[in-house]
1. For segment 76-99, name all the residues that are closer than 15 Å to L143 by Cα and more than 16 Å from the chain's Cα centre (by Cα).
2. Scan E73, E77 and give me the residue that is among the acidic types (D, E) and surrounded by 15 or more Cβ atoms within 10 Å (Cβ to Cβ).
3. Under the condition of being hydroxyl-bearing (S, T, Y) and in contact with a helix residue (DSSP H, G or I) (Cβ under 9 Å, 6 or more places away or on another chain), which residue from segment 22-70 is surrounded by the most Cβ atoms within 10 Å (Cβ to Cβ)?
4. Against the definition (assigned to a strand (DSSP E or B) and touching a Leu at 6+ places or on another chain (Cβ under 9 Å)), how does V216 come out, yes or no?
5. Mind checking which residues of segment 123-148 are hydrophobic (A, V, I, L, M, F, W, C), farther than 22 Å from F18 by Cα and at pLDDT 95 or above?
6. Can we say R223 is touching a residue at least 12 places away in the same chain (Cβ under 8 Å), surrounded by fewer than 18 Cβ atoms within 10 Å (Cβ to Cβ), assigned to a loop (DSSP other than H, G, I, E, B) and of a type in the set (K, R)?
7. Taking the condition of being of a type in the set (D, E, K, R) and closer than 18 Å to L242 by Cα, how many residues in segment 47-62 meet it?
8. With A109, A118, A142, A158 as the choices, which residue is over 26 Å from V45 (Cβ atoms), surrounded by 15 or more Cβ atoms within 10 Å (Cβ to Cβ) and of a type outside the set (K, R)?
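The values are calculated or read from the model by the stated rules, or taken from the named source; none is laboratory data. This structure is a prediction, so every number in the text was calculated from the model and none was measured. Ideal geometry is used to build each Cβ from the backbone, glycine not excepted, and the neighbour counts take in all protein chains shown.
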Amino acid sequence: MAQPRIRPVGEPRPDDRFRTCIAGLDERMGGGIPKGFLTLLAGPVGSMKSSVAYSIALHAARGGARSLYLSLEQETEGLLAQMRSLGFDATGVRSMHVVDLASVRKDIADDRADWLDALCVLLERYRTERGCDLLVLDSLDALYSLVTIRNPRRELFAFFQRLRGLGATVLLISEMAMDDRSFGKYGVEEFLSDGIVHLRLKEVEAAQVTSVRKYVGIVKMRRTRHDSDYHPFLVTPGGFELVLE
């Protein structure tokens, strides 16, 4: 007879989490990302960070959550077209909102503004006007290109605290080089975050062909018993799924 699993004190229940919707991964991290967490989604170019984040936000919205995807890199129409090509169609999902940099600039309306502060003020306004249960910021590196950060530890601590004050679950997309061991540009983001989902690429040689395979691992997730292995994952017509041996 299987022994019942004893849940550690303080560990969120599955209904207090947002699923990653990567088939096989949620079961290895207690059911998903705990609600209210700030989580880095880190990896190199081509590792599907934006697509995974969008999928999480869209599935959450279909389940009744209010999702806001803030893209500081792509225009809204281009992003939506890209996601539709992967099978993530938000048509008719009223609680899924996508905002791009052009819209943000228009809403801030002051190019001289302190962007970290101005963005937080704008997000607080969005939360009041539209509601926000899950926020995706794509990406931290695009945001950094708009600001001058002189004291990363102090300024990013204050920024992360402002994001926590939204009362939303936040996914922060972070760019990494393929051989990088730091999950954020300034080396403090990984300590300030509650969780780190690492998407990585690996070259695999077979015969005379070299292919690039995608892997995902949970580096950090507070209050959660999680698998620490990296598993290959595939993009399928239904979304994403782990390749398990």
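1. Here is the first cut: in segment 76-99, the ones closer than 15 Å to L143 by Cα are 99.
Passing the criteria: none in range.
2. Values: E77 fails: surrounded by 15 or more Cβ atoms within 10 Å (Cβ to Cβ).
Exactly one of E73, E77 is among the acidic types (D, E) and surrounded by 15 or more Cβ atoms within 10 Å (Cβ to Cβ), namely E73.
3. Residues of segment 22-70 that are hydroxyl-bearing (S, T, Y), as a first pass: 39, 47, 50-51, 54-55, 67, 69.
If we keep only those that are in contact with a helix residue (DSSP H, G or I) (Cβ under 9 Å, 6 or more places away or on another chain) as well, we get 50-51, 54-55, 67, 69.
Numbers: S50: 20, S51: 19, Y54: 26, S55: 22, S67: 30, Y69: 27.
Among those residues, the one meeting the criterion is S67.
4. Values: assigned to a strand (DSSP E or B): yes; touching a Leu at 6+ places or on another chain (Cβ under 9 Å): yes.
Taking the combined requirement at face value, the residue satisfies it.
5. Initially, segment 123-148 is screened for residues hydrophobic (A, V, I, L, M, F, W, C), giving 123, 132, 134-137, 140, 142-143, 146-147.
Still in the running and farther than 22 Å from F18 by Cα: 142-143, 146-147.
Answer for segment 123-148, where residues must be hydrophobic (A, V, I, L, M, F, W, C), farther than 22 Å from F18 by Cα and at pLDDT 95 or above: A142, L143.
6. Numbers: touching a residue at least 12 places away in the same chain (Cβ under 8 Å): yes; surrounded by fewer than 18 Cβ atoms within 10 Å (Cβ to Cβ): yes; assigned to a loop (DSSP other than H, G, I, E, B): yes; of a type in the set (K, R): yes.
Answer is yes for this residue.
7. Filtering segment 47-62 for residues of a type in the set (D, E, K, R) gives 49, 62.
Retained after the next criterion (residues that are closer than 18 Å to L242 by Cα): 49.
Residues flagged as of a type in the set (D, E, K, R) and closer than 18 Å to L242 by Cα within segment 47-62 amount to 1.
8. Values: A109 fails: surrounded by 15 or more Cβ atoms within 10 Å (Cβ to Cβ); A142 fails: over 26 Å from V45 (Cβ atoms); A158 fails: surrounded by 15 or more Cβ atoms within 10 Å (Cβ to Cβ).
Criteria check complete, one pass: A118.
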